[in-house]
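Here's the structure, in structure tokens; my notes come after.
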Amino acid sequence: MGKITILIPSRNRPVSLLRCIKSLKRQDEHIHEIIVSNDSDKKYDNIYLKISEKYNFKLLQGPRSGLYANHNFLYNKCETTHLRIVDDDHTFPENHFMHCKN
């Protein structure tokens, strides 16, 4: 399997995003990059920034045009050929990506 990018559109749910990111960071399989598109109201911007700094993922300002526009925005930002788009409230079980490639 090649390098994998995880794409996460998010809107106004920093607590959910934090759970998702923590579950990704616990994976045994290497994830090349995580990109979050913050489509939130401006009042959440600083919270998202602090989470991205602590957990070292790429944070982009979303288009603020709805979920599907946010998906399309993310598809054009990854560096790899293998990608997975997930909701910000998704959490991954232990060894999830290792099991996916087998």
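Take the chain with all the other protein chains still there, run a 1.4 Å probe, and you get 59 Å² of accessible area per residue. Straight-line cross-link partners of LYS25 among the lysines, defined as a Cα under 17 Å from its Cα and at least 8 positions apart when in the same chain: LYS3, LYS50, LYS54, LYS58.
Placing +1 on the Cβ of every Lys and Arg and -1 on the Cβ of every Asp and Glu, with nothing else charged, gives segment 1-87 a dipole about its Cα centre of roughly 260 debye.
Using a probe radius of 1.4 angstrom, the carbon and sulfur fraction of the accessible surface of the chain is 49%.
With contributions of -39500 (n - 2.57) from each DSSP H run of at least four residues, the per-residue ellipticity at 222 nm computed over the chain stands at -10500 deg cm²/dmol. If only the Cβ of Lys and Arg carry +1 and only the Cβ of Asp and Glu carry -1, the dipole of segment 13-62 around its Cα centre is close to 240 debye.
In nm, to one decimal, how far is the HIS71 label point from the THR91 one, both placed 7 Å along Cα→Cβ? Label-label distance for HIS71 and THR91, simple model: 2.5 nm. Put simply, the amide H of ARG26, placed in the peptide plane, has no neighbours under 5 Å, leaving out anything fewer than 5 places away on its chain. Derived scalar couplings between HN and Hα for segment 53-64 equal 5, 5, 9, 6, 10, 7, 10, 10, 7, x, x, 6 Hz in order, rounded to whole Hz, by the Karplus curve 6.51 cos²θ - 1.76 cosθ + 1.60 (θ = phi - 60°), x for Gly and Pro. Candidates TYR48, ASN72, SER16 compared by Cα position along the dipole of segment 15-102: farthest toward the positive end lies TYR48, with charges placed on Cβ.
The values are calculated or read from the model by the stated rules, or taken from the named source; none is laboratory data. As the structure is a computational prediction, the values presented were derived from the model and not from experiment. Positions of Cβ are generated from backbone atoms using ideal geometry, with glycine treated the same way; all protein chains shown enter the neighbour counts. These accessible areas exclude ligands, DNA and RNA; they are computed on the full protein's heavy atoms, side chains included. Shrake-Rupley method; radii C 1.70, N 1.55, O 1.52, S 1.80 Å.
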